[in-house]
Amino acid sequence: MSSTDHHGTNPHLGSIQIVGAPQIAEPDFDLLDELFRAGELEQQARLLARVVLDAFTSYYAVSRRIPQLVKAAFEARDWPATVQLSRDRLTLYTACLDQLTPLLHAGLPESANDERLWALAEAELLAAIATRYEADFVFAFWQSLRRMLLSNEWRPISYEAGITAKRSGSARSVLKSFPARIPVEPAVIRSILEMSGFTVPGRDQPWRDLDGDAALVAAAIGSALEPLAPRSGESARIEMANSGFFRNREACLVGRVVLRSSSDHPLRSIPLMIAVLHEADGLFVDAVLCESDELQYAFSPALANFHVTNPHYHELALLLSELMPKRPLGLHYSTIGFHHLGKVAVMTEILGHHRRSKEKLDTAPGLRGTVAIAFTMPTSGYVMKIIRDHPTDSYKWDRFDGPDSVLRKYHLVHEMDRAGAMLDNIIYTNVKLERAMFAPELLDELLEAGIGNVSLDRSALVFRQLIVQMKLVPLPLFLAKASAAEARAAVINLGHCIRNNAAANIFNRDLDGYNYGVSRTLKVYLFDYHAVEPLTEIKIRSNAGRANGEPEIPHWQFEHGAVFAPDELEAGLRIDDFALRRAFRDAHPELLRVDYWEAMQRALRDGKVPEVMSYPASRRLRR
C-alpha cells in the first residue's frame, strides 16, 4: 500500500537514525589538479576519463546503499526515513554532477568545446568500463556531464543506448525457483516469505502470523490458477525475484507461478506480487496480485518508484516487462528508480520503433494543446511534447508565465509521489531527432510555434526541452468509443484520479476531460500539468445560497489567485453523457462539496494525508 501519510517512527522501536542518504565523496582534488596542469591532449583525456569514472563510482556506491537503508527503515517502521531517502535518491545523480561540473568549467575553461579532447577521453572511458556491469550507466553519466557543461549551447548529445547496454542476461538470472505441486502448499509460501530476510528490531519473529499468511497466499494463488485448469498433483514452480521492492510503507515480493508443460498443456504462468505491510505487531501479507493489469497499476509510473535491493537492473526490468508486457520496456527502468537509464531505454525504443515501422511522428489524438504541442507515432507507446513560446488564442487563463514556468511544473510532478494519479515525465535536454521522422504539417507547426525550443540543424530538429510520457487515450475520445461498462468504469476512475491528486496536494485548475487519459487497464491519469497548483493554495468557494436574480457571475470569480467552486466541478469536466455524469456524481458525491475540499486542505496542512491504494481492495487478504 502506497501512502503519503508521514506518521512518525514506532515509539516502541525508536528511530533508527537513517534519514538522509550518505554523502557523495568529494572529488579527488589531487587528480583534478593533475588534470588541470596536464599539457598534452592525450594526458588530459586520460585524466578526464579517470575523474569522471571516479565521480560516478562515488555516486553509484551511495545510490546502491539507499535501497538497503529503505529496507532497514521499513523494518523499523521509520516512515519519515523512507520519504526522505526517496527524495535523496531523486536528487543524488544531479547533486553529483552539480559538484563536478563547476570544477571542470573552472579548470578547463577552453576544453569544454574541444571535440578532440572529448573523443579521446570517451575512448579512454569506454576501455576502462568495458567489463563493468553498469557500463551503460557510466556512459549515461558521461553524457549527462557533457550536457551540463554545454548547458548554454544547442549541441545535442545522443540519448540512444550504446552496445554496452545490450549485454544484459535473461530475467531468469535474478529469479529463485521454488518447486511446488498443485494445489500449492502453504509450506512453499512460507519458504518464499522467509527468503525475504526481513528482521524487526526487538523481535525474534518479524511476522505477525507467518503460517496464517502462508495459508492465505496459497489459497489466493489457487484461485488465480483456476482459469488455467491445473490438475491436482501437477508439477509447478514459483519463481521469485531475488530482490525486495520497497516504496513508502510497502514492501513487495515479485515473481510468477509457472505450470510445467505436458502433452496436453503448454507452459502456462501467471504473475505474482505479494504486498507486505508492517504494523506495530509485526509484518503481514496485505494483498496478493496475480493479474498482469493489476501489477501494471502497482508498478505504475503514476506512483512513487520502487527501491530495489538487487543491483541487476537490466534483468529486473526485463522480468517486469515479461510480467507486464503492455507497458514499454523503458518505463520499467524508471519504475525501479533507474531514471537515467530509463531515459536512454525510452529514446532507444522510440528511435527503434521508427526504424522498424517507418511511421511518422504526427500530432497526437485529442484537442490541440493551447500550451503544449503533443505528437506521437500511431503504434508507439509514447507521446512527446514541447511547450510553446506563447499559448494559442484559445488559452483560457489571463496570464502565461512562460514555458519555463510550465516545465517547472512537469519537473515538480516528476520529483513527487504522484499518488497513482499523474503520469511521470521524462524530460530530455538538447535532443536531436531526424527531420524525416516528422509529418510535414507537424514539422511546420513545431518550427513556427516552438521557436525558443526547436531549431533546425541541417536534416534534424534539435529540441532544447522535450517531454516524453506514456501514451494514453484522452478521456473524451475514449468515452466516444467505449462500451457502456467501460465508459462507466473510466468515469468512476476519473473521480479516484481527482481524489488522489488532492491527496498529493495537487489541484488541476483545468478540469477539462482532455487533460486526463485512460490506460489500457481503464485507469485514469492526469497528464497535462500547465494548470496544476498546490491544493493548499486554492480558494474554495461555492454558489450555494445565491438568491434568484443575482448576477450570473458570482463575486468570487473576481478574486485574486486560484479559485475553485466544487459545485462547478461536474460541468468543468465536460462530460456530455448525462448517465455518465450521474455515475460520477453517485460514486463521488463528496467531490462536489465544499466541506470535502476544505477538510482535505486542513489535512494537508496538518500533515495528515489519506492513504493511496496501489492495488484493488478486493486483493487484500483480510478485507
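The values are calculated or read from the model by the stated rules, or taken from the named source; none is laboratory data. Keep in mind it's a predicted model, so treat the numbers as computed, not measured. As a convention, Cβ positions derive from the backbone with ideal geometry for all residues, glycine included, and neighbour counts pool all protein chains shown.
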If you scan the range 161-170, which residues turn out to be buried (at least 16 other Cβ atoms within 10 Å of the Cβ) and either modelled with pLDDT of 90 or more or part of a loop (DSSP other than H, G, I, E, B) (or both)?
Ala161, Ser168
Can you tell me how many residues in the range 224-275 are modelled with pLDDT under 90 and of a type in the set (Ser, Thr, Tyr)?
3
Taking the range 81-118 and keeping only residues that are free of Cβ contacts under 8 Å to residues at least 24 places away in the same chain and among the aliphatic types (A, V, I, L, M), one is left with Ala106
Confirm whether Arg520 is in a strand (DSSP E or B), farther than 30 Å from Glu598 by Cβ and either in contact (Cβ under 8 Å) with a residue 24 or more places away in the chain or within 19 Å of the chain's Cα centre (by Cα) (or both).
no
Taking only pairs six or more apart or across chains, which ones have beta-carbon atoms under 7 Å, a first residue in the range 220-242 that is in the same structural domain as Gly197 (by TED's automatic domain parsing) and in contact (Cβ under 8 Å) with a residue 12 or more places away in the chain, and a second residue that is polar (S, T, N, Q) and in a helix (DSSP H, G or I)?
none
Test result for Ala215, of a type in the set (A, V, I, L, M, F, W, C) and touching a residue at least 12 places away in the same chain (Cβ under 8 Å)
yes
Residues (within 20 Å of Arg77 (Cα to Cα) and not β-branched (Val, Ile, Thr)) located in the range 199-212:
Pro201, Gly202, Arg203, Asp204, Gln205, Pro206, Trp207, Arg208, Asp209, Leu210
Please verify whether the range 331-354 includes one or more residues that are hydroxyl-bearing (Ser, Thr, Tyr), crowded, with 18+ Cβ neighbours inside 10 Å, closer than 19 Å to Ser519 by Cα and in contact with a strand residue (DSSP E or B) (Cβ under 9 Å, 6 or more places away or on another chain).
yes
Working carefully through the options Glu75, Glu26, find the one that is more than 26 Å from His312 (Cα to Cα) and either modelled with pLDDT under 90 or not assigned by TED's automatic domain parsing to the domain that holds Val413 (or both).
Glu26
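Collect the residues in the range 21-59 that are among the hydroxyl-bearing types (Ser, Thr, Tyr) and surrounded by fewer than 20 Cβ atoms within 10 Å (Cβ to Cβ), keeping them in residue-number order. Give the derivation first.
Of the range 21-59, the ones among the hydroxyl-bearing types (Ser, Thr, Tyr) are 57-59.
Hits for the range 21-59 are Thr57, Ser58.
Residues in the range 105-114: is at least one under 30 Å from Leu272 (Cβ atoms), modelled with pLDDT of 85 or more and not assigned by TED's automatic domain parsing to the domain that holds Gln465? First the steps, then the outcome.
First, the residues of the range 105-114 that are under 30 Å from Leu272 (Cβ atoms): none.
The answer is no, given that none of the residues of the range 105-114 is under 30 Å from Leu272 (Cβ atoms), modelled with pLDDT of 85 or more and not assigned by TED's automatic domain parsing to the domain that holds Gln465.
So which residues in the range 425-462 are of a type in the set (Ser, Thr, Tyr) and touching a helix residue (DSSP H, G or I) at 6+ places or on another chain (Cβ under 8 Å)?
We begin by selecting, within the range 425-462, every residue of a type in the set (Ser, Thr, Tyr); these are 428-429, 455, 459.
Matches in the range 425-462: Tyr428, Thr429, Ser459.
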Cβ pairs under 8 Å, 6+ apart or interchain, first in the range 355-367 and on the phi > 0 side of the Ramachandran plot, second among the aliphatic types (A, V, I, L, M), ordered by first then second residue, are Gly366/Ala374; Gly366/Leu477
Conditions first: (1) in contact with a helix residue (DSSP H, G or I) (Cβ under 6 Å, 6 or more places away or on another chain); (2) surrounded by fewer than 22 Cβ atoms within 10 Å (Cβ to Cβ). Gly233 passes all but one, so which condition is the exception?
(1)
Which residues, taken from the range 400-419, are assigned to a helix (DSSP H, G or I) and aromatic (Phe, Trp, Tyr)?
Tyr410
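Given the options Ala439, Ala480, Ala503, Ala485, name the one that is in contact (Cβ under 8 Å) with a residue 24 or more places away in the chain and assigned by TED's automatic domain parsing to the domain that holds Leu592.
The unique qualifying residue is Ala503.
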Please state which one of Gly337, Gly352, Gly366, Gly330 is in the same structural domain as Leu461 (by TED's automatic domain parsing), at pLDDT below 95 and more than 26 Å from Val188 (Cα to Cα).
Gly366
